[in-house]
Amino acid sequence: MSRMLVTGASGFVGGCLCDEIVRLGHEVRAAIRTAGSGRAGTEPVMVRQIDGQTDWTEALRDVDVVIHLAARVHVMKDTSVDPLAEFRKVNVQGTENLARQAARAGVRRLVYVSSIKVNGEGTSGSQGYSESDAPAPQDAYGISKWEAEQALHRVAQETGLEVVVVRPPLVYGPGVKGNFISLLAAVGKGIPLPLAGADNARSLVYVGNLVDALIACATHPAVAGQTYLVSDGMPVSTATLVEKIAGALDCRSRSFYFPPVLMRAAAALLGRSAQIDRLFGSLRVDDEKIRRELGWIPPYTLEQGLRATAEWYRGQR
């Protein structure tokens, strides 16, 4: 049995991760920002601000493994004067500071949740992103995640701390926010969506599958220094995703065909090209490496993940 520190423990992925680690019989110290946001069965510790000066002494006491989820996350409309500088404070300086203190505290391994944005913003053809691709982050968030990965590998070389990096694509599941919950709500309300012509291919990962992969990376004996991409498996088109969401919600999809080229043109005029790229563009992930090296198989199918998400959504309403 190990004692694990989970940062970002009160977040969407962090809460699910803490619950599963506790269920498996490990001890969990949950780093949280606000009192009362810890999970049942965990030992909460307050860490209000993450940057290069954060004191992790109490949080790291007697910890074997750190799973680092806490981050300044990607937002569609960032109002910061210098977004990259703000991302670097938390995601780069904060992560490196945590790793160095972890090494000094005797922590054996740090699992870092990065992002597929390190690889880039989209793929073409049938080839998916893999761990061997040259990183090509295109926004401040992706750049900060890539710089954090490099900082962690430097710390590993200097201290012997075992570092494992996991890059997930879009994560969905109970508690999801952002574009995915907006799509779920639109389908559930029967809003006509011009998405029947979206024949793209996007990889997703259900939160339960991501959690399972993170625990595998925290406990497998031979993963030090590795980077892994994870997904549910076969990518899905936005058109198919809408149909599957409708099925999970037990409602009828009202998706209709509208020429994607006209959609892109209209979006460009309205300054909404990024949103349309997410709906009509492709982003494939090749996760063969983690399956081969760790024997990892996602425990949930896309349909099971969507059904669980739909049940949560109905409960919220």
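Quick look at the numbers
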| read-out | value |
| --- | --- |
| The lone exception for Val223 - which of (1) in contact with a strand residue (DSSP E or B) (Cβ under 7 Å, 6 or more places away or on another chain); (2) within 22 Å of Val73 (Cα to Cα) it fails | (2) |
| Tabulated pairs, the range 222-238, first without any contact (Cβ under 8 Å) to a residue 60 or more places away in the chain, second surrounded by fewer than 18 Cβ atoms within 10 Å (Cβ to Cβ), C-beta under 6 angstrom, 6+ apart or interchain | Ser237/Asp199 |
| Inter-residue pairs, beta-carbon under 9 Å, first within 22 Å of Ala103 (Cβ to Cβ) and in the range 38-64, second of a type in the set (Ser, Thr, Tyr) and part of a loop (DSSP other than H, G, I, E, B), 6+ apart | Val47/Thr54; Val63/Ser2; Asp64/Ser2 |
| Matching residues, the range 88-117, being in a loop (DSSP other than H, G, I, E, B) and either in contact with an Asp or Glu (Cβ under 6 Å, 6 or more places away or on another chain) or not aliphatic (A, V, I, L, M) (or both) | Gly106, Arg108, Ser114, Ser115 |
| Per-region count, the range 24-38, residues surrounded by fewer than 21 Cβ atoms within 10 Å (Cβ to Cβ) and at negative phi | 7 |
| Selection count where residues are in a loop (DSSP other than H, G, I, E, B) and surrounded by fewer than 23 Cβ atoms within 10 Å (Cβ to Cβ), scope the range 203-234 | 9 |
| Residue list for the range 145-171, filter: aromatic (Phe, Trp, Tyr) and touching a strand residue (DSSP E or B) at 6+ places or on another chain (Cβ under 7 Å) | none |
| Any pair with Cβ under 7 angstrom, 6 or more apart, that starts in the range 1-12 at a residue that is free of Cβ contacts under 8 Å to residues at least 40 places away in the same chain and ends at one that is among the basic types (Lys, Arg) and surrounded by 19 or more Cβ atoms within 10 Å (Cβ to Cβ) | none |
| Residue among Ala30, Ala59, Ala70, Ala40 that alone is in a loop (DSSP other than H, G, I, E, B) and modelled with pLDDT of 95 or more | Ala70 |
| Selection count where residues are without any contact (Cβ under 8 Å) to a residue 40 or more places away in the chain and among the aliphatic types (A, V, I, L, M), scope the range 242-261 | 1 |
| Condition met for Ile21 (in a loop (DSSP other than H, G, I, E, B), surrounded by 15 or more Cβ atoms within 10 Å (Cβ to Cβ), on the phi < 0 side of the Ramachandran plot and touching a residue at least 24 places away in the same chain (Cβ under 8 Å)) | no |
| Qualifying residue in the range 96-106 (condition: under 30 Å from Gly233 (Cβ atoms) and buried (at least 19 other Cβ atoms within 10 Å of the Cβ)) | no |
| Tally of residues being farther than 18 Å from Arg291 by Cα, crowded, with 18+ Cβ neighbours inside 10 Å and more than 16 Å from the chain's Cα centre (by Cα) across the range 112-134 | 1 |
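The values are calculated or read from the model by the stated rules, or taken from the named source; none is laboratory data. Fair warning: this is a prediction, and the values are worked out from it, not measured in the lab. Methodologically, a virtual Cβ is constructed for each residue, glycine included, from the backbone with ideal geometry; neighbour enumeration extends over all protein chains shown.
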